[in-house]
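The values are calculated or read from the model by the stated rules, or taken from the named source; none is laboratory data. Predicted model, so just to flag it, every value in this text is computed and none were measured. Cβ coordinates were reconstructed from backbone atoms using ideal geometry, including for glycine residues, and neighbour counts include every protein chain displayed.
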Amino acid sequence: MEVKQKKIEKSQLELGFELSAEEFKHFIDHALEHLKKHVKVDGFRPGQAPNKLIEDKIKPESLLMEAGDIAVRETYLNYIKESKLEPVGQPEVSIIKIAQGSPFVFKAIITVLPNVELPDYKEIAIRQLADSKGKEISVTEEEVLDSINYLQKTRAKFTEKNPTSPDGSAGRGDFVEIKYSAKEINGGKEINDKFILGEGGFMAGFEDGIVSMKTGEEKEISVKLNGKDTILKVKIVSLQKMELPEINDEFAKQLGTFSAQGGPASGWDTLVALKTNMKEGILAEKTEAEKQRRRGEILEKIAEKAKFEMPVAMVEYEQERLLEDLKNKITQNIKISFEEYLASIKKTEAEIKETYKKEAEKRLRGFLVLRELGKKENVETSEKEIAEEVEKYIKNYNLEHAGHNHGEIDREQLKEYTKGVIQNEKIFQILEKYS
């Protein structure tokens, strides 16, 4: 077999493969053995008929295509492994020549991870960590109260409002379930939603229009949508009065906590104890957020000075991924189709995708630099470490979603993700030791 390797553009290689007629004959035989299992020949059990009879039943082009697929797959993978190349994604394969009794020729265009030249990352880490030292992290009383108010709402009591009673109309603080529609939203299809009235979950003017409505009542409310006047047809499906428990020692005692083993434990003895615990939790969250911010800055500074060719195909892939995330957020949060969203902002999908180029390049720079740092520092992650973290995640996931069907967890995908998390954590811990 002969292989020619040629660089065609940034991080892309063209691999030209040529197998001799004799080498390709091996793959034709392999293809015949595979296809014969699916060909029926009178008087023989499946897969037991002589090859000559099988060949008479199979179209020559079908046999060649099967042989070509097997030859491409095996030849390409073996070469990649032997050459220690690191391709990204699937190759773009073109068959140049294929025929019985002749050499088999094909080419594969691949994107490979580029070589990364790192700057003096130790010196950068030392400088960045020195700049962030001494930054005080604090928690305000207001932040603690906000968290307790959230817990208060989770313990609220809901009572259905009677539309015939004097207090049966919607007021701020009530929990409402509605159906609404508009020509400009979701193609005019009706949308169901639930929310606490007056908390600003909707566009300006919409919630004001619901105040004083009753269960079963329908109404048209005028709002501004992307700068245009829009009429929303609204119907109140359900209306419930929300009664909040008083925040005191008894409230603290009734709140459930979780023990270290994951089982339920008792609440707090006093409101003061609850506030102390909440403050500690918020402080821990802020400390973690600051650590991640600091790490992000270190990585960004190293990436700015790192030298490598930006792989175009990988940038485009990341742009596509960011675009898909936006599409999901539009349909789930704004509840309009992506086409309607594009029309409202007067942009094309290609224009939106282009705006993600810088972000895609930034993320890719971070990924490539972290990967190279892992190599330089000989960071390794064992199968045992990965397995332990995966099992821990699955256990917590099952506890959190007990009684709910959320589908099967893709273990292989989770393992790959977990490996990356562990690797990155080890790399950043090494960088932080340089301070």
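Residues that are in contact with a Phe, Trp or Tyr (Cβ under 9 Å, 6 or more places away or on another chain) and without any contact (Cβ under 8 Å) to a residue 12 or more places away in the chain within region 160-201 comprise 190, 201, listed in sequence order. Being more than 30 Å from residue 310 (Cα to Cα), out of contact with any Phe, Trp or Tyr (no Cβ under 6 Å at 6 or more places or on another chain) and of a type outside the set (S, T, N, Q) is a property that residue 324 lacks.
Say we look at region 272-284 and pick out the residues that are surrounded by 14 or more Cβ atoms within 10 Å (Cβ to Cβ) and either outside the structural domain of residue 427 (by TED's automatic domain parsing) or of a type outside the set (A, V, I, L, M) (or both); which of these is farthest from the chain's Cα centre (by Cα)?
If we take residues in region 272-284 being surrounded by 14 or more Cβ atoms within 10 Å (Cβ to Cβ) and either outside the structural domain of residue 427 (by TED's automatic domain parsing) or of a type outside the set (A, V, I, L, M) (or both), then 275 is farthest from the chain's Cα centre (by Cα).
Cβ-Cβ contacts under 7 Å between residues 6 or more apart (or on different chains), taken from a first residue in region 337-358 that is more than 23 Å from residue 227 (Cα to Cα) to a second residue that is among the aliphatic types (A, V, I, L, M) and assigned to a helix (DSSP H, G or I), are listed as 353/323; 356/322; 356/323; 357/315.
Checking each residue in region 75-90 for being touching a residue at least 40 places away in the same chain (Cβ under 8 Å) and not small (Gly, Ala, Ser) picks out 75, 76, 79, 85, 88. Considering 197, 151, 129, 225, the condition of being at pLDDT below 95, assigned by TED's automatic domain parsing to the domain that holds residue 307 and either over 30 Å from residue 377 (Cα atoms) or surrounded by 17 or more Cβ atoms within 10 Å (Cβ to Cβ) (or both) is satisfied by 129 alone.
When residue 119 is tested against the conditions (1) in contact (Cβ under 8 Å) with a residue 12 or more places away in the chain; (2) part of a strand (DSSP E or B), the lone failure is (2).
Go through the residues of region 341-348 one by one and say whether even a single one is over 30 Å from residue 184 (Cβ atoms) and of a type outside the set (A, V, I, L, M). No; the residues of region 341-348 include none that is over 30 Å from residue 184 (Cβ atoms) and of a type outside the set (A, V, I, L, M). Going residue by residue through region 160-179, is there one that turns out to be surrounded by 13 or more Cβ atoms within 10 Å (Cβ to Cβ), at pLDDT below 90 and touching a strand residue (DSSP E or B) at 6+ places or on another chain (Cβ under 6 Å)? Checked region 160-179: no residue is surrounded by 13 or more Cβ atoms within 10 Å (Cβ to Cβ), at pLDDT below 90 and touching a strand residue (DSSP E or B) at 6+ places or on another chain (Cβ under 6 Å).
Which count do you get for residues in region 160-187 that are in contact with a helix residue (DSSP H, G or I) (Cβ under 9 Å, 6 or more places away or on another chain), part of a loop (DSSP other than H, G, I, E, B) and under 30 Å from residue 345 (Cα atoms)? Summing the residues that are in contact with a helix residue (DSSP H, G or I) (Cβ under 9 Å, 6 or more places away or on another chain), part of a loop (DSSP other than H, G, I, E, B) and under 30 Å from residue 345 (Cα atoms) in region 160-187 gives 1. Can you name every residue in region 168-189 that is among the polar types (S, T, N, Q) and over 32 Å from the mean Cα position of the chain (by Cα)? Across region 168-189, the qualifying residue is only 169.
One residue stands out in region 282-336 among those that are touching a residue at least 40 places away in the same chain (Cβ under 8 Å) and of a type in the set (Lys, Arg): the one that is farthest from residue 128 (Cα to Cα), namely 335. If you go through region 212-252 one residue at a time, how many are within 15 Å of residue 182 (Cβ to Cβ) and among the acidic types (Asp, Glu)? Residues in region 212-252 being within 15 Å of residue 182 (Cβ to Cβ) and among the acidic types (Asp, Glu): 3 in total. Among the residues making up region 210-229, those that are touching a strand residue (DSSP E or B) at 6+ places or on another chain (Cβ under 8 Å) and either over 20 Å from residue 241 (Cβ atoms) or free of Cβ contacts under 8 Å to residues at least 24 places away in the same chain (or both) are 218, 219, 220, 221, 222, 223, 224, 225, 229. When residue 371 is tested against (1) exposed (fewer than 13 other Cβ atoms within 10 Å of the Cβ); (2) touching a residue at least 60 places away in the same chain (Cβ under 8 Å); (3) of a type outside the set (Val, Ile, Thr), exactly one condition is not met: (1).
Within region 243-256, the set of residues being touching a helix residue (DSSP H, G or I) at 6+ places or on another chain (Cβ under 8 Å) and at pLDDT 90 or above comprises 244, 245, 247, 248, 249, 251, 252.
The C-beta contact set for region 408-423 (first residue over 12 Å from residue 379 (Cα atoms), second residue assigned to a helix (DSSP H, G or I) and hydroxyl-bearing (Ser, Thr, Tyr), distance under 8 angstrom, 6+ apart or interchain) comprises 409/397; 414/393; 418/393. Of the helices (runs of 4 or more DSSP H) that lie entirely inside region 1-113, those containing 3 or more residues that are at pLDDT 85 or above span 21-36, 60-83.
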